[in-house]
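Enquirer: Quick one: structure below, then a few questions.
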Amino acid sequence: MYSGLKRKQECLSKLWGIEMLIIVTGVPGTGKSEVSKALSKLLKAKLIVLKEIAVKRGLVSGYDEERSAIIINERKISSALRKEMKDNGTYIFETHLGHYVDKNIVKLLVILRCNPKVLEQRLKKRGYSPNKISENTMCEYLDTILIEALKNGFKNKIHEIDTSRKQPEQVAKEIAEVFKGKKPKVYGKISWLK
Ligand SMILES: Nc1ncnc2c1ncn2[C@@H]1O[C@H](COP(=O)(O)OP(=O)(O)OP(=O)(O)O)[C@@H](O)[C@H]1O
Ligand SMILES: [Mg+2]
């Protein structure tokens, strides 16, 4: 690419925080909150948590009685994020809806994976209902988030990590290395149906 144009693009990217956004996504219980906190410390990056900005940014469109969970308007997530990303620097977005973010503002989409048997235990410990546990473990079995992310054009930005036997700090370290280009991005290698 013409170098002047490239420089201009880089300046714009910095200005908007574009290319500096890491998404940490995954099925509930895969460790997003723990890993995001550790990663934010490691990279000195600002952490944005979907659950924390949902009300403030008007993302809540209803309440799902059956799931006992708020319903998020996915179409509003990217504009809410842009409002949160006012300063330069690296941002981390912790969400289970990472695949709905505008891919153009994302540098890296990390999908945390977890062996469904381990996930089941983690969700049981949290006191989730059997329905909620089977719905979430099924999503994990079926690679649902990866499939959605691929559908939404994230192909070159995805990195998947199996967190089942790793401490959150270890997972965060791996993400930081991928973010800095020291390790290649990998996806599609995890299958729980083997
Ligand atoms: N690598 C890990 N090894 C063992 N336990 C973990 C690991 N990561 C997280 N946990 C535990 O699993 C549970 C779920 O972790 P966490 O709250 O970070 O998940 P989450 O993906 O953020 O869930 P949610 O989508 O509901 O916010 C917690 O009890 C946490 O302590
Ligand atoms: Mg969480």
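Enquirer: Within the stretch 151-171, can you find the residues that are more than 16 Å from ligand 2 (Cβ to nearest atom) and either assigned to a loop (DSSP other than H, G, I, E, B) or in contact with a Pro (Cβ under 9 Å, 6 or more places away or on another chain) (or both)?
Expert: N152, G153, F154, H159, S164, R165, K166, Q167
Enquirer: Search the stretch 113-139 for residues that are within 13 Å of ligand 1 (Cβ to nearest atom) and pair each with any residue that is part of a helix (DSSP H, G or I) and hydroxyl-bearing (S, T, Y) when their beta-carbon atoms are under 6 Å apart and the residues are at least 6 apart or on different chains.
Expert: From residues that are within 13 Å of ligand 1 (Cβ to nearest atom), the pairs are L119/T137; E120/T137.
Enquirer: Report, by residue number, each residue of the stretch 90-114 that is away from ligand 2 (no atom under 13 Å from the Cβ) and not in a loop (DSSP other than H, G, I, E, B).
Expert: Passing the criteria: Y91, H99, Y100, K103, N104, I105, L108, L109, V110, I111, R113.
Enquirer: Shifting gears a bit: Given the criterion at pLDDT below 95, surrounded by 13 or more Cβ atoms within 10 Å (Cβ to Cβ), more than 16 Å from ligand 1 (Cβ to nearest atom) and under 27 Å from L142 (Cα atoms), identify the matching residue among K14, K76, K103.
Expert: Values: K14 fails: under 27 Å from L142 (Cα atoms); K76 fails: at pLDDT below 95.
Within the list K14, K76, K103, the selection yields K103.
Enquirer: Further question: Could you check the stretch 172-194 and list, in sequence order, the residues that are among the small types (G, A, S), in a loop (DSSP other than H, G, I, E, B) and in contact (Cβ under 8 Å) with a residue 24 or more places away in the chain?
Expert: So the first thing to find is which residues in the stretch 172-194 are among the small types (G, A, S), and the list is 172, 176, 181, 188, 191.
Among the residues that remain, those that are also in a loop (DSSP other than H, G, I, E, B) are: 181, 188, 191.
Hits for the stretch 172-194 are G188, S191.
Enquirer: Please go through the stretch 52-74 and pick out each residue that is of a type outside the set (S, T, Y), free of Cβ contacts under 8 Å to residues at least 24 places away in the same chain and not in a loop (DSSP other than H, G, I, E, B).
Expert: Matches in the stretch 52-74: E52, V60, G62, D64, A69, I70, I71.
The values are calculated or read from the model by the stated rules, or taken from the named source; none is laboratory data. This is a predicted model, so every value here is computed, not measured. Using ideal geometry, Cβ is built from the backbone for each residue, glycine included, and neighbour counts are taken over all protein chains shown.
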